[in-house]
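Notes for the one structure printed next.
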Amino acid sequence: MRAKKKTVSKSVQKADLKLDLLPGLIGYQLRLAQLAVFGDFAAELKDFDISPGRFGVLVLISANPGMTQSLLASATQLDRSTMVAVIDQLEARGLMERRASPTDRRSNALVLTEEGEKLLKLLKRRIKKHEARIAAAMTSAETTTLVELLTRVRTRLQSAPGRPKRTAA
């Protein structure tokens, strides 16, 4: 028995594109939302050459001055070698520095520089505008629910055995 060949009669246009099961998949919708959110983030912060991951790193270091690279890697779910590269880049820009840990000679304590704190203050104002655009499609209660649901999904998947670590920031 011969398999039927699908015939291609014309090129598919975007308006004719069939998405099959994709629109109903959580992962597909999350990815499209992530692309939209990251695109808006990039547009809002285009003048600062900062990624969402690096913004998160600055926030965590500012909120936890003296934290170790290992703790930061764990908090951001990045492997240690990726975290070293991120810290190197932020340090090269003069936004943060490594200092000798007062409690463990094998570790570095991470702190933002004055320039890093000043930039972070400006970035936070911009991020509030960005977040307001994201939330504009929802009520306050829906925004809270969405955050709770996403947290639940992430927590559940992160607790799964054998879950690989992220490697990009």
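The values are calculated or read from the model by the stated rules, or taken from the named source; none is laboratory data. Values in this document were obtained by computation on a predicted structure and should not be read as measured data. Cβ atoms come from the backbone with ideal geometry, glycine included; neighbour counts cover every protein chain shown.
General remarks:
- Sole exception among (1) touching a residue at least 12 places away in the same chain (Cβ under 8 Å); (2) surrounded by 12 or more Cβ atoms within 10 Å (Cβ to Cβ); (3) out of contact with any helix residue (DSSP H, G or I) (no Cβ under 7 Å at 6 or more places or on another chain) for residue 130, by number: (3)
- Unmet requirement for residue 23, which otherwise passes all of (1) modelled with pLDDT of 90 or more; (2) assigned to a loop (DSSP other than H, G, I, E, B); (3) over 30 Å from residue 90 (Cα atoms): (2)
- Matching entry among 84, 57 (being out of contact with any Cys (no Cβ under 6 Å at 6 or more places or on another chain), among the β-branched types (Val, Ile, Thr) and without any contact (Cβ under 8 Å) to a residue 40 or more places away in the chain): 84
- Residues in the range 140-159 that are at pLDDT below 95, more than 16 Å from the chain's Cα centre (by Cα) and hydroxyl-bearing (Ser, Thr, Tyr): 1 in all.
- When 110, 90 are checked against the criterion of being over 20 Å from residue 126 (Cβ atoms), modelled with pLDDT of 90 or more, surrounded by 10 or more Cβ atoms within 10 Å (Cβ to Cβ) and of a type in the set (A, V, I, L, M, F, W, C), a single residue qualifies: 110.
- Taking the listed residues 74, 70, the one that is closer than 26 Å to residue 34 by Cβ, surrounded by 12 or more Cβ atoms within 10 Å (Cβ to Cβ) and polar (S, T, N, Q) is 74, with no other qualifying.
- Selection within the range 55-69 - more than 17 Å from residue 125 (Cβ to Cβ) and part of a helix (DSSP H, G or I): 57, 60, 61, 69
- Test: residue in the range 152-165 that is in a loop (DSSP other than H, G, I, E, B) and touching a helix residue (DSSP H, G or I) at 6+ places or on another chain (Cβ under 9 Å): yes
- For the range 95-106, the criterion of being at pLDDT 95 or above, buried (at least 16 other Cβ atoms within 10 Å of the Cβ) and either among the aliphatic types (A, V, I, L, M) or assigned to a helix (DSSP H, G or I) (or both) is met by at least one residue.
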